[in-house]
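Input: a single structure, listed below in structure tokens.
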Amino acid sequence: MKKIRGAVARSPQLQSFLSDPSQQRKQKREAVLSMLKEQKYSEVMVNLFKVIAENGRLALTAKIAESFDEIMRAHRNEVAVKITSAKPLGPDVIDALKQSINKRMLTRGEVPQVTTSVDSSILGGLIIQVGDKTVDLSVLTRVTALNKALEESIHQ
């Protein structure tokens, strides 16, 4: 599924073809099944896409693959961890953050799947998202909170 999700994400032509309502279901079905067989996907995958095509849901391929990936992450006890910083972090800092997150935010057996991103608009600090929890330690958030407190004290 990851391979299919990547192929759809990389190819605007494939996205367009899958979501094009002017193409008949049968044409889409045959094209997709032919591509899957040509690239030697498993029979299970071919059958899955046969059903998706017959139900006219090929336009939802990316969402289906994303949902499948989410289910598989849950099955493997993987937890999505996103670390956003104002500047790129070094490997040693990332390792220290992973250890801290493991100790404080994950339960036993959960495996963090860490991704990092850089957003200079946060001015400094970090924003850490672990599953559906967020810890915002950014300078931008602190400055915004201080500005709000100052405005409230001035208007009272």
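The values are calculated or read from the model by the stated rules, or taken from the named source; none is laboratory data. The model shown is predicted, which means the values in this text are computed figures rather than measured ones. Note that each Cβ is placed from the backbone with ideal geometry, even for glycine, and that neighbours are counted across all protein chains shown.
Check region 75-88 and report whether any residue there is assigned to a loop (DSSP other than H, G, I, E, B), out of contact with any Leu (no Cβ under 7 Å at 6 or more places or on another chain) and surrounded by 12 or more Cβ atoms within 10 Å (Cβ to Cβ).
Looking only at region 75-88, we keep the residues that are assigned to a loop (DSSP other than H, G, I, E, B), and these are 76-77, 86-88.
Among the residues that remain, those that are also out of contact with any Leu (no Cβ under 7 Å at 6 or more places or on another chain) are: 76-77, 87-88.
Adding the requirement that they be surrounded by 12 or more Cβ atoms within 10 Å (Cβ to Cβ) leaves 77.
Within region 75-88, one or more residues are assigned to a loop (DSSP other than H, G, I, E, B), out of contact with any Leu (no Cβ under 7 Å at 6 or more places or on another chain) and surrounded by 12 or more Cβ atoms within 10 Å (Cβ to Cβ).
Of all residues in region 136-156 being surrounded by 10 or more Cβ atoms within 10 Å (Cβ to Cβ) and among the small types (Gly, Ala, Ser), which is nearest to Met105 (Cα to Cα)?
Kept after step one, since they are surrounded by 10 or more Cβ atoms within 10 Å (Cβ to Cβ), are these residues of region 136-156: 136-151.
Those left that are additionally among the small types (Gly, Ala, Ser): 138, 145, 149.
Details: Ser138: 18, Ala145: 25, Ala149: 30 Å.
Going through the qualifying residues, I end up with Ser138.
Leu60 passes all but one of (1) without any contact (Cβ under 8 Å) to a residue 24 or more places away in the chain; (2) over 22 Å from the mean Cα position of the chain (by Cα); which number fails?
If we test Leu60 against (1) without any contact (Cβ under 8 Å) to a residue 24 or more places away in the chain; (2) over 22 Å from the mean Cα position of the chain (by Cα), just (2) comes out false.
Which condition number in (1) part of a helix (DSSP H, G or I); (2) of a type in the set (A, V, I, L, M, F, W, C); (3) touching a strand residue (DSSP E or B) at 6+ places or on another chain (Cβ under 9 Å) is the one that Phe49 fails?
(3)
Considering each of Ser121, Ser117, Ser100 in turn, give the residue that is of a type in the set (Gly, Ala, Ser) and either at pLDDT 95 or above or touching a Pro at 6+ places or on another chain (Cβ under 9 Å) (or both).
Numbers: Ser121 fails: either at pLDDT 95 or above or touching a Pro at 6+ places or on another chain (Cβ under 9 Å) (or both); Ser100 fails: either at pLDDT 95 or above or touching a Pro at 6+ places or on another chain (Cβ under 9 Å) (or both).
That would be Ser117, the only listed residue that is of a type in the set (Gly, Ala, Ser) and either at pLDDT 95 or above or touching a Pro at 6+ places or on another chain (Cβ under 9 Å) (or both).
Go through (1) surrounded by 14 or more Cβ atoms within 10 Å (Cβ to Cβ); (2) in the same structural domain as Phe17 (by TED's automatic domain parsing); (3) small (Gly, Ala, Ser) one by one and return the number of the condition Ser67 breaks.
Checking Ser67 against (1) surrounded by 14 or more Cβ atoms within 10 Å (Cβ to Cβ); (2) in the same structural domain as Phe17 (by TED's automatic domain parsing); (3) small (Gly, Ala, Ser), the one that fails is (1).
What's the total number of residues in region 38-60 that are surrounded by fewer than 12 Cβ atoms within 10 Å (Cβ to Cβ) and within 15 Å of Lys3 (Cα to Cα)?
Residues of region 38-60 surrounded by fewer than 12 Cβ atoms within 10 Å (Cβ to Cβ): 38-40, 42-44, 51, 55.
From what is left, the residues that are within 15 Å of Lys3 (Cα to Cα) are 38-40, 42, 44.
The number of residues fulfilling the criteria is 5.
Give the residues of region 93-127 that are among the hydrophobic types (A, V, I, L, M, F, W, C), touching a helix residue (DSSP H, G or I) at 6+ places or on another chain (Cβ under 7 Å) and at negative phi, sorted by residue number. Talk me through it step by step, then tell me what you get.
Within region 93-127, the subset among the hydrophobic types (A, V, I, L, M, F, W, C) is 93-94, 96-97, 101, 105-106, 111, 114, 118, 122-123, 126-127.
Filter once more, keeping what is touching a helix residue (DSSP H, G or I) at 6+ places or on another chain (Cβ under 7 Å): 114, 122-123.
Across region 93-127, the qualifying residues are Val114, Ile122.
Only one of these is modelled with pLDDT of 90 or more and part of a helix (DSSP H, G or I): Leu18, Leu60. Name it. Break it down into steps so the answer makes sense when it comes.
Values: Leu18 fails: modelled with pLDDT of 90 or more.
Being modelled with pLDDT of 90 or more and part of a helix (DSSP H, G or I) holds for just one of Leu18, Leu60, which is Leu60.
Residue pairs, Cβ under 6 Å, 6 or more apart or interchain, first in region 98-114 and in contact (Cβ under 8 Å) with a residue 40 or more places away in the chain, second of a type outside the set (A, V, I, L, M, F, W, C) and in a strand (DSSP E or B). List them.
Gln113/Glu78
Does Ile94 satisfy the condition of being closer than 16 Å to Gln129 by Cα and either in contact (Cβ under 8 Å) with a residue 24 or more places away in the chain or hydrophobic (A, V, I, L, M, F, W, C) (or both)? Explain how you work it out, then say what you get.
Working: closer than 16 Å to Gln129 by Cα: yes; either in contact (Cβ under 8 Å) with a residue 24 or more places away in the chain or hydrophobic (A, V, I, L, M, F, W, C) (or both): yes.
Taking the combined requirement at face value, the residue satisfies it.
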